[in-house]
Amino acid sequence: MGMDIFSFQLWSDYVLFLKGVEAVGSYAENQRITAVRRVYQRGIINPMINIERLWQEYCNYEQGINPIIAKKMMDDRSRGYMIAKRTAKEYEAVTKGLNRNNPSIPPTGTMEESKQIELWKKYINWEKENPLRTEDQTLITKRVMFAYEQCLLCLGHHPDVWYEAALYLETSSKNFAEKGDMNNAKVFSDEAAAIYERAISSLMKKNMLIYFAYADFEEGRMKYEKVHNIYKRLIAVEDVDPTLVFIQYMKFTRRAEGIKSARGVFKKAREDNRTKYHVFVVAALMEYYCSKDQQIAFKIFELGLKKYGDIPDFVLAYIDYLSHLNEDNNTRVLFERVLTSGSLPPAKSGEVWSHFEDFESTCGDLASILKIEKRRLTTFKEEYKDREAALLVDRYRYLDLFPCSQAELKALGYKDLLRKHTVVTTTVTPSMAVDESQSQQEEEATPENKKTEFPRPDLDQMLPYKPRAFAPPGSHPVPGGVFPLPPAAAQVLTKMPPPVCFQGPFVRVDDLMKLIAECHIPEIALVDPVQNGVNSNADDASDADKATKRKRAGNKGDDSDEEDEEMAAPVHDIYRSRQQKRVR
């Protein structure tokens with residue numbers, strides 16, 4: 001706990017506790033001073049928040065004990081203190097955004113979880129880079145393991161964290177052993193075993209990956225008896241499929257104790273009703289490759305065929321084995337046995353028929369190929385009705401090469417038949433399954449399949465999520481964000497000066513619009529009075545307008561300010577009336 005970034009209070013309380021210990025005599029007093037000084041010196045080189053206060057307390061303590069040697073003591077420890085202070089600031093930057101209060105739950109695959117995993121790994125890698133610049137490998141290992149322990153508090157259900165922690169301890173143990181430090185090598189090796197033991201005893205009780213890694217770790221330490229116990233503990237778990245466990249157990253016993261021990265494990269696997277056909281396949285191939293005995297492998301396959309004859313995956317594995325032996329007759333006999341005995345339902349025999357046809361096209365003649373196609377068409381009469389041409393595709397194809405384009409295959413209905421007759425396998429990967437996966441990927445990549453099958457909404461006008469505490473001027477704020485301007489308006493705004501250029505006056509638009517709406521404008525009569533059907537002012541008004549136009553035309557080049565303020569001549573202008581009479 002003393003390595004934690006928030007451990008200042010712990011160190012402070014520890015120092016206060018030591019200072020409060022009663023010391024009788026000079027020897028006891030010196031022992032207490034030494035103990036307090038040792039705690040201070042350990043604390044000031046540990047990166048943590050408020051390390052400055054601990055350093056100040058240490059300086060005051062040394063000054064109070066002996067001012068003469070205090071300066072030398074502080075000079076010797078100042079470098080470690082400065083490194084710890086710098087590392088504490090780096091720690092805060094590296095762990096920014098890390099949530100240490102998250103509960104440990106099984107992986108969910110959410111974005112938030114992925115982000116936290118990335119931050120934890122970033123913090124652990126930072127500790128591995130030795131930010132303290134120390135040469136003490138033991139301290140580096142302890143700090144890294146402290147980071148792993150903190151990570152396991154939040155990511156305890158992630159097996160990769162457990163494995164990486166144990167692997168780091170194992171690597172550190174090997175490094176110490178290479179340097180000749182066997183004590184630390186043994187200590188860290190035992191701690192790695194303890195990490196594995198903690199995992200399989202708590203959150204990883206049903207995780208096969210951690211069990212297998214633990215078994216390989218103990219096998220590397222030559223502790224075979226412990227490896228047997230690990231596998232037996234996992235097999236004893238009720239709600240776990242023990243097929244893969246028995247397979248790995250057989251491989252371990254063959255490596256450590258020989259093929260006879262592996263046969264004993266295979267016998268236990270056959271007696272367990274929870275196991276699947278994979279155990280027979282692994283045992284037969286192990287006999288073939290390790291003991292070089294084809295007869296034993298053949299007997300194991302025959303024994304498995306009696307129990308798993310209705311599973312096409314096991315049948316295909318048996319067929320592949322015989323094909324590798326280059327025994328054409330035995331392979332052909334096996335095809336006939338499987339397809340005619342009735343143990344394999346016709347609905348599951350599609351892939352076996354496809355392999356049979358591939359085998360005949362490779363080893364047989366044209367007559368045998370046509371015979372197989374005819375029998376296959378009879379078996380799948382309903383599926384291949386009006387699709388006889390699809391059989392030609394199986395005759396001429398090879399791996400991922402087809403005699404037709406993807407569009408033509410789709411038109412023939414070949415893709416539908418391929419999906420219906422293909423069995424997804426785990427132990428063996430027939431070429432049929434490979435062809436289907438590759439052709440399906442190619443089919444999905446074609447432009448025809450990229451067309452939308454259903455009408456989709458226009459996403460261009462959707463409101464983007466842009467949360468703003470304060471909406472910028474000119475925007476249209478709505479709950480949850482700011483509505484974007486139309487493209488034309490946005491283009492105009494880019495050519496206008498920014499809002500900061502306008503310093504005022506600012507008009508309250510709402511109040512202005514309200515004032516205009518409530519404003520009452522009086523109506524003015526514009527029609528002049530008419531006497532005896534003649535407008536006496538009409539002639540005067542026309543003459544006045546003509547004079548005004550002449551005056552404006554004469555003053556067009558003037559720059560005086562009176563031109564803007566010029567007004568129309570009044571209708572009853574006595575001066576202008578006299579001037580007109582003189583002209584007459």
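The values are calculated or read from the model by the stated rules, or taken from the named source; none is laboratory data. This is a predicted model, so every value here is computed, not measured. No Cβ is skipped: glycine too gets one built from the backbone with ideal geometry, and neighbour counts run over all protein chains shown. Just the protein is used for accessible areas: all its heavy atoms, side chains included, with ligands, DNA and RNA removed. Shrake-Rupley method; radii C 1.70, N 1.55, O 1.52, S 1.80 Å.
Here are some notes:
- For the condition touching a residue at least 24 places away in the same chain (Cβ under 8 Å) and aliphatic (A, V, I, L, M), M48 qualifies.
Conditions (1) within 46 Å of the chain's Cα centre (by Cα); (2) at pLDDT 80 or above; (3) surrounded by 20 or more Cβ atoms within 10 Å (Cβ to Cβ), marked per residue:
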{"position": "T340", "(1), (2), (3)": "no, yes, no"}
{"position": "L370", "(1), (2), (3)": "no, yes, no"}
{"position": "T378", "(1), (2), (3)": "no, no, no"}
{"position": "Y384", "(1), (2), (3)": "yes, no, no"}
{"position": "L392", "(1), (2), (3)": "yes, no, no"}
{"position": "L401", "(1), (2), (3)": "yes, yes, no"}
{"position": "C404", "(1), (2), (3)": "yes, yes, no"}
{"position": "A407", "(1), (2), (3)": "yes, yes, no"}
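- Scanning segment 194-223 for residues that are of a type in the set (S, T, Y) and assigned to a helix (DSSP H, G or I), we see that the one that is nearest to I105 (Cα to Cα) is S201.
- Condition broken by T134, with the remaining ones in (1) within 25 Å of G180 (Cα to Cα); (2) at pLDDT 90 or above satisfied: (2)
- Residue within segment 354-368 that is farther than 22 Å from L325 by Cβ, open to solvent by 50 Å² or more (accessible area, probe 1.4 Å) and at pLDDT 80 or above present: yes
- Residues of segment 324-333 classified as open to solvent by less than 70 Å² (accessible area, probe 1.4 Å), in contact with a helix residue (DSSP H, G or I) (Cβ under 6 Å, 6 or more places away or on another chain) and either polar (S, T, N, Q) or under 15 Å from Y289 (Cα atoms) (or both), total: 1
- Here is the figure for segment 78-96: residues that are open to solvent by less than 90 Å² (accessible area, probe 1.4 Å) and in a helix (DSSP H, G or I) total 13.
- Of all the residues in segment 174-186, those that are touching a residue at least 12 places away in the same chain (Cβ under 8 Å) and not charged (D, E, K, R) number 4.
- Hits in segment 328-355 (condition: farther than 16 Å from E373 by Cβ and of a type in the set (F, W, Y)): none
- Meets criteria (over 27 Å from S202 (Cβ atoms), open to solvent by less than 70 Å² (accessible area, probe 1.4 Å) and touching a Leu at 6+ places or on another chain (Cβ under 9 Å)) for L132: yes
- Verdict on L153 being of a type in the set (A, V, I, L, M) and surrounded by fewer than 16 Cβ atoms within 10 Å (Cβ to Cβ): yes
- Test: residue in segment 14-34 that is open to solvent by 30 Å² or more (accessible area, probe 1.4 Å), of a type in the set (S, T, Y), within 26 Å of R143 (Cβ to Cβ) and touching a residue at least 24 places away in the same chain (Cβ under 8 Å): yes
- Condition check for N46: farther than 23 Å from Y91 by Cα and of a type outside the set (V, I, T): no
- Identity of the residue in segment 97-129, among the hydroxyl-bearing types (S, T, Y) and part of a helix (DSSP H, G or I), that ends up most open to solvent (accessible area, probe 1.4 Å): S114
- Among residues of segment 310-337 that are free of Cβ contacts under 8 Å to residues at least 24 places away in the same chain and within 17 Å of I296 (Cα to Cα), those with a Cβ under 6 angstrom from a residue that is assigned to a helix (DSSP H, G or I) and open to solvent by 70 Å² or more (accessible area, probe 1.4 Å), sequence gap 6+ or separate chain, pair up as L322/N330.
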